[in-house]
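Let me begin by presenting the structure, written as structure tokens, before commenting on it.
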Amino acid sequence: MPHPHQDIDIWSVEGRFQQLVFSPKGAIEGFLIDTDGVPTQFVCDPQDPVAAEHLAGLRDGQALVVEGTETGPSPKGDAEHTVYRLERLVSIDGKPAKPPADHKAAVGTVVRFNYAKHGAANGVVLDSGDFVHTKPDGMARLGLKVGDKVRAEGDARPLVTGHGRVVEARSVNGEPVGPDHG
């Protein structure tokens with residue numbers, strides 16, 4: 001039996017960026033904007049590296065246009081302000097928000113090796129700040145050297161330093177990293 005169709009209202013809200021909102025584990029799980037003197041909160045998945053990278057660059061006072069859906073009442077109690085689930089950051093200071101970088105590829109020049117706890121090279125760090133993780137067997141197979149140009153494909157997430165990403169490489173320069181990697 002078909003279920004009735006429910007429309008989802010997406011609200012467009014304008015305001016000035018106030019602050020990021022963090023999870024207890026330190027991940028970005030949203031932000032607050034000031035909408036004509038009223039705080040408005042937007043929430044996102046704290047495990048979403050794309051959202052985290054996009055939001056981490058926001059600065060105090062920037063004019064934002066944000067789209068979101070109302071979250072509805074929480075079983076934990078009443079909110080102190082309106083809360084929306086983030087759908088899209090539309091504009092920043094009147095300019096269209098640029099989509100976050102492609103989280104499937106890292107491109108750059110090898111500036112150094114990274115090492116596993118047991119001392120074997122397990123990947124490379126690029127001039128972009130990205131860490132391409134290949135595991136030691138991948139490093140041996142690929143034969144990368146400092147100065148090599150690299151394009152690595154794989155899942156990525158931000159480094160805890162806030163600069164660059166770690167890419168779990170499935171391929172480097174079109175070559176598979178290994179059958180068991182990724």
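Applying the selection to segment 159-178, what residues are farther than 10 Å from Gly138 by Cα, assigned to a strand (DSSP E or B), among the aliphatic types (A, V, I, L, M) and out of contact with any Leu (no Cβ under 7 Å at 6 or more places or on another chain)?
Residue satisfying the conditions is Val167 alone.
If you scan segment 157-168, which residues turn out to be of a type outside the set (Ser, Thr, Tyr) and without any contact (Cβ under 8 Å) to a residue 60 or more places away in the chain?
Leu159, Val160, His163, Gly164, Val166, Glu168
Which condition from (1) basic (Lys, Arg); (2) under 30 Å from Val21 (Cβ atoms); (3) in a loop (DSSP other than H, G, I, E, B) is the one that Lys117 breaks?
Failed condition: (2).
State which residue is surrounded by the fewest Cβ atoms within 10 Å (Cβ to Cβ) when the search covers only segment 71-89 and only residues that are assigned to a strand (DSSP E or B), without any contact (Cβ under 8 Å) to a residue 40 or more places away in the chain and touching a strand residue (DSSP E or B) at 6+ places or on another chain (Cβ under 9 Å).
Looking at the filtered set, the residue picked out is Ser74.
Being in a strand (DSSP E or B) and under 24 Å from His163 (Cβ atoms) is the filter here; which residues of segment 43-70 pass it?
Hit for segment 43-70 is Leu64, nothing else.
What's the total number of residues in segment 132-158 that are part of a strand (DSSP E or B) and not aliphatic (A, V, I, L, M)?
Going through segment 132-158 one residue at a time, the tally reaches 8.
Give the residue, chosen from Gly138, Gly162, Gly154, that is surrounded by fewer than 16 Cβ atoms within 10 Å (Cβ to Cβ) and not assigned by TED's automatic domain parsing to the domain that holds Val21.
After ruling out the rest, the residue left standing is Gly162.
Would you say His54 is within 16 Å of Thr40 (Cβ to Cβ) and either surrounded by 10 or more Cβ atoms within 10 Å (Cβ to Cβ) or in contact with a Ser or Thr (Cβ under 6 Å, 6 or more places away or on another chain) (or both)?
no
Of all residues being loosely packed, with under 10 Cβ neighbours inside 10 Å and under 27 Å from Gly94 (Cβ atoms) in segment 9-36, which is modelled with the highest pLDDT? Just the residue, please.
Among those that are loosely packed, with under 10 Cβ neighbours inside 10 Å and under 27 Å from Gly94 (Cβ atoms), it is Asp36.
What pairs come out if I take residues in segment 122-150 that are closer than 13 Å to Glu175 by Cβ and pair them with residues that are among the aromatic types (Phe, Trp, Tyr) and in a strand (DSSP E or B) whose C-beta lies under 9 Å away, six or more apart or interchain?
Going by the 9 Å Cβ cut-off, the qualifying pairs are Met139/Phe113; Leu144/Phe113.
Filter segment 31-70 down to the residues that are within 19 Å of the chain's Cα centre (by Cα) and acidic (Asp, Glu) and list them by number.
Those that are within 19 Å of the chain's Cα centre (by Cα) and acidic (Asp, Glu): Asp45, Asp48, Glu53, Glu67.
Only one of (1) surrounded by fewer than 17 Cβ atoms within 10 Å (Cβ to Cβ); (2) more than 23 Å from Ala27 (Cβ to Cβ) is not met by Val124, so which one is it?
With (1) surrounded by fewer than 17 Cβ atoms within 10 Å (Cβ to Cβ); (2) more than 23 Å from Ala27 (Cβ to Cβ) applied to Val124, the lone miss is (1).
The values are calculated or read from the model by the stated rules, or taken from the named source; none is laboratory data. The structure displayed is predicted, hence computed values, not measured ones. When we count neighbours, we look across all protein chains shown, and the Cβ atoms used for this are built from the backbone with ideal geometry, even at glycine.
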